[in-house]
Amino acid sequence: LFQAFFDISAPEKAFSVCIKISRNIDPCMGSGHILVYAFDVLVQIYKRAGFSERDAARSILENNLYGLDIDDRAAQLAYFSVMMKAREYDRRILTRGIQPQIYGPGNDPEIQEYGSVLQVEKAPEADKDGQLSLMEESDAYKRMLAQKYDVVVTNPPYLGSARYSPALDTYVKKYYSDVKSDLSMVMFKKALTKLCKPNGFTAFITTSSWMFLSSFENVRMLIDKSAAIVNLVDYGTELFDGKVGHNPIVSWVTRNTLMDYTMTAIRLVDYCYARRDEKEPEFFNARNRYTAKQSDFSKIPGSPVAYWVSERLNNTFTQTAVKDFGFAGIGMRTGDNNRFLRLWFEVSINRMLIGCKSKEEQISSKAKWIPYNKGGDFRRWYGNNEYVVNWENDGFAIKENTRKIYPYLGDNLGWKISNESFYYKPGITWSGVTSGKFGCRCYDNGFIFDSGANGLFTFNPEDRYYVAGALNSKFSQIVLDIINPTINTGSGTVGKIPIIISDVYKQIVTQIVSQSVALSRADWDSFETSWDFQRHPLVRGLSTVQESFDDWAAECEERFKQLKANEEELNRIFIDIYGLQDELTPEVEDRDVTVRRADLGRDIRSLISYAVGCMFGRYSLDKPGLIYAGGNWSQVYRKDRLINENGHPITLGGMAIEVGDEYTYIWDSDHWFEVSFSPDKDNIIPICDDDYFNDDITGRFIKWVEVVFGKETLEENLKFIADALGGKGTPREVIRSYFLNDFYTDHLKTYQKRPIYWLFDSGKKNGFKAIIYMHRYQSDLLARLRTDYVHEQQERYRTQLKHIGDATDSASVSASERLKLARRQQKLQEQALELQKYEEKIHHLADQNIKIDLDDGVVHNYELFADVLAKRK
């Protein structure tokens, strides 16, 4: 920061003003630490000019160093620190009657409120000897604010306008309206325009936001029009301890001149310089040093201080941009996401409309839930299709809510329900907030988009895949790092990315992107959290789970490698288009390829989840896709089959099931089809630590594995599954333990704490557990759960305890067997007691005959039964 001092030839005329403005200041962080360092630098300048250390110390105190602090305690500490520093060079300095020119606010409330941003219209006058005439400290403070200096140095406060006091907020808006958003920039403008002499220097250390954020563009314009950046050190994050250490920090020197400087900058922002102890040695590494012309910054949209950008890359900004080929904009802000948004699997599939092409189609369909782009994790090409929005009757409820919150909008709701004319159109989207890399995705008809997942719609539909390819290239990432290296990437920023539609490469780029979208879509649809999920990828007609997994793993690997090759080819193409072969390489790291490789543990758990879906009738082994996810559930015995005059079953939609003595049938459009694995009849599947019920989940799962893979390989398959799950015991014991202890935790992770299967859980003793399918819930379910399962379990505990009691009384029981029986007895007693208390809770809720509405979502509906359900941890 103080290298600028060496540019001043007459040391006795050089000045440094150190200004500190913040509220509730820590006295140790006042001007003293800067002044003490400056003192040492100035002594060296004086010595070079022929002064003795003693004379230099006196002259520095009288002529050079000025300090202002907003807190009197800080000023006192700075005074003490400077005098102790002066005594290093002149041991008698304390007896010479020399006073450092360091001041606090005194009793002036105006200074206490505004500090050094205070506008001083007229300075208090000094007497003819140049001394302050018995003026208060606050008058001296104002006099110093009225002077101009060769060098102005400060570590300003990092304070956004939201934290201003009311008085400070009003003052800043009046005098510094163009830089009002941040107090450090207010201080910078004051230092540059009011305190600094022509050709003088300002030295600051701040966060780096002013260098590139659009909200600081006025600051950059101020520098461009009235000053030159001389040098800059871009430290990146973790320079300081505590919370402030997570902010990117930059120190910089600006000269009050209009000459076109060639600035010098040092860049220490890369991840390899993450720690402070790594930054200092790298400061001297030539590879981190850059020079740049300030005038070149204006070529880049927003004029960011992109000192590291080469001339060739700089020139790409003179090309056409994304905004020239399509419209990019924000979407809807619902005003109440908890009320109007759902994860798609929460609601009834019969109330969703996928692939809608127009407002008229939506209204006529009377559908309530429309797919909604909301961002999500870093992912390229396709996916993150998770949310739906309540847009029933063209968004009537959301529009009415918006009018209620913002009555002054009238019918002009575009401020909140933005760009409605682009709803349902095919487009490109991306996550507006991400701590990782930028990645865009293509989507087809039928979506509404969010303010956090902006939409891009090409004027020419044939350009959509080409633009997506350009945006997912390394070139676009490096551009975004220049124009907006933050976690927020809005539509305005993306619209500024340079793009050239190459006639030579357009067809091949479109073909590569089309294939990449298909690969990403195949990956997304392989998991049940996609509404286009058809069948679990390990159910593929083979006789063993291991063969199926190996086949699936090979498929995943081929998809992964192909997508990686596609992305590298796109990088090569766009590097060639922009002539950046000397600056970029096409390679893509494995971690940046956003389709999944096979994972044995994850995929076996997802297979189990699919099997549970088949148990509840959500899926069927005999028909792909969702079978039942809301609507009317009809289940009748053959002898009681209800038919209408056309011979068809009477059902209001959804699933109709006929359960015979040996077979189960599902009604599909106009005919029955036989299924190989029957859904559970009563929507209650117990999870037990022993074989207490015929429809216990472990037994049902084993039967499912037998049906899918065959009876001959059952034991082999159960062992493979158990080995993948981990744990001790026989395969059946491991599988039972998984259902008892881990299944629900995995389910909550998969479904983002919005479970569609609900776990009724009596407590830590595992006295009783059972799961139900939310979409099949009926108001009498708890009554049936209580009578058919809870009471049955209580009776089994009583029976087992009696048997243990009888066995213990037998004289033939050995001591070791008696000990085992005692342990078993204690466990059963604890479970029975736990279940007794649980039965009272179930009884209380069962009597209420509670009904649920799937449209209310999991959070609301789950809470209705919170006393008897497992926590949604």
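The values are calculated or read from the model by the stated rules, or taken from the named source; none is laboratory data. Owing to the predicted nature of the structure, the values given are computational and were not obtained by experimental measurement. Every residue, glycine among them, receives a Cβ derived from its backbone with ideal geometry; neighbour counts consider all protein chains shown. For accessibility, only protein heavy atoms count, side chains too; no ligands or nucleic acids. Shrake-Rupley method; radii C 1.70, N 1.55, O 1.52, S 1.80 Å.
Would you please classify the overall shape of region 411-455 from the alpha carbon gyration tensor, given that a ≥ b ≥ c denote the square roots of the eigenvalues, rounded means a/c under 1.5, and beyond that prolate means a/b larger than b/c while oblate covers the rest?
On the way: a/c = 4.05, a/b = 1.45, b/c = 2.80.
Cα axes put region 411-455 in the oblate bin.
Which percent, to the nearest 5, of DSSP beta bridges fully inside the chain are antiparallel?
Details: 60 of 90 bridges.
Rounded to the nearest five, the antiparallel share is 65 percent.
Using only the Cα atoms of region 174-259, construct the convex hull and provide its projected area averaged over every direction, in square nanometres to one decimal.
5.7
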Debye calculation, C-alpha points only, no solvent: report log10 I(q)/I(0) for region 329-413 at q = 0.23, 0.24 Å⁻¹, in the same order as the q values.
-1.22, -1.27
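Can you send over the carbon and sulfur percentage of the accessible area for the chain, probe radius 1.4 Å, protein chains only?
On the way: 19180 of 40020 Å².
Answer for the chain: carbon and sulfur cover 48 percent of the accessible area.
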Do the alpha carbons of any pairs in LYS225/LYS374; LYS711/LYS827; LYS764/LYS851; LYS561/LYS703; LYS368/LYS506; LYS711/LYS769 sit beyond 32 Å of each other, and which pairs?
LYS225/LYS374; LYS711/LYS827; LYS561/LYS703; LYS368/LYS506
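Accessible area per residue, 1.4 Å probe, Å², for the chain: what's the number? Walk me through the numbers before you get to the answer.
Working: 40020 Å² over 873 residues.
The answer is 46 Å² per residue.
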Region 174-227 and region 333-390: distance between their alpha carbon centers, rounded to Å:
45
Enter the per residue convex hull volume of region 726-873, computed from alpha-carbon coordinates, in Å³ rounded to the nearest integer.
125
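If Lys and Arg each add +1 and Asp and Glu each add -1, what is the summed charge of the other residues whose beta carbon sits under 12 Å from the beta carbon of ASN314? Mind showing how you got there, number by number?
Numbers: positive: LYS293, LYS299, ARG312; negative: ASP296, GLU311, GLU583.
For residues surrounding ASN314, the net value is 0.
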Extreme residue, positive dipole direction of the chain, given options ALA553, ILE721, GLN826 (C-beta unit charges)
GLN826
Work out the P(r) tail for region 478-620: percent of alpha carbon pairs separated by more than 24 Å, whole number.
49
Partners for LYS871 among aspartates and glutamates (Cα-Cα distance below 15 Å; same-chain residues under 8 apart left out)
ASP742, ASP746, ASP761, GLU863
Can you classify region 55-127 as rounded, prolate or oblate using the Cα gyration tensor, where a ≥ b ≥ c are the square roots of its eigenvalues, rounded means a/c under 1.5, and otherwise it's prolate if a/b beats b/c and oblate if not?
prolate
Pick out, from TRP430, TYR862, GLN294, the residue whose Cα sits farthest towards the positive end of the charge dipole of the chain, with +1 on the Cβ of Lys and Arg and -1 on the Cβ of Asp and Glu.
GLN294
Check: the chain dipole with +1 on Lys, Arg Cβ and -1 on Asp, Glu Cβ, in debye
2080
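Please compute the Kirkwood hydrodynamic radius of the chain from all pairs of different C-alpha atoms, in Å with one decimal. Display every interim value, and only then the final one.
Details: mean 1/r = 0.0302 Å⁻¹.
Result for the chain stands at 33.1 Å.
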What 222 nm value per residue comes from the helices of the chain, counting each DSSP H run with n ≥ 4 as -39,500 (n - 2.57) and dividing by all residues, nearest 500 deg cm²/dmol?
-11500 deg cm²/dmol
Ordering of 702-713, 384-395 by burial proxy (mean other Cβ atoms within 10 Å per residue, highest first)
384-395, 702-713
Mean Cβ-within-10 Å packing, highest first, puts peptides 203-215, 311-323 in the order 203-215, 311-323
Once a ≥ b ≥ c are taken as the square roots of the eigenvalues of the Cα gyration tensor of region 223-321, is the result rounded (a/c under 1.5), prolate (a/b larger than b/c) or oblate (a/b not larger than b/c)?
prolate
Say the dipole of region 435-520 comes from +1 at the beta carbon of Lys and Arg and -1 at that of Asp and Glu; which of ASN460, PRO498, ASN445 then lies farthest toward its positive end?
PRO498
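Can you tell me the dipole magnitude for region 324-400 around its Cα centre, using point charges on the Cβ only (Lys, Arg +1; Asp, Glu -1), in Debye to the nearest 20?
On the way: 12 positive and 10 negative charges, 23 e Å.
Here the size comes out at about 120 debye.
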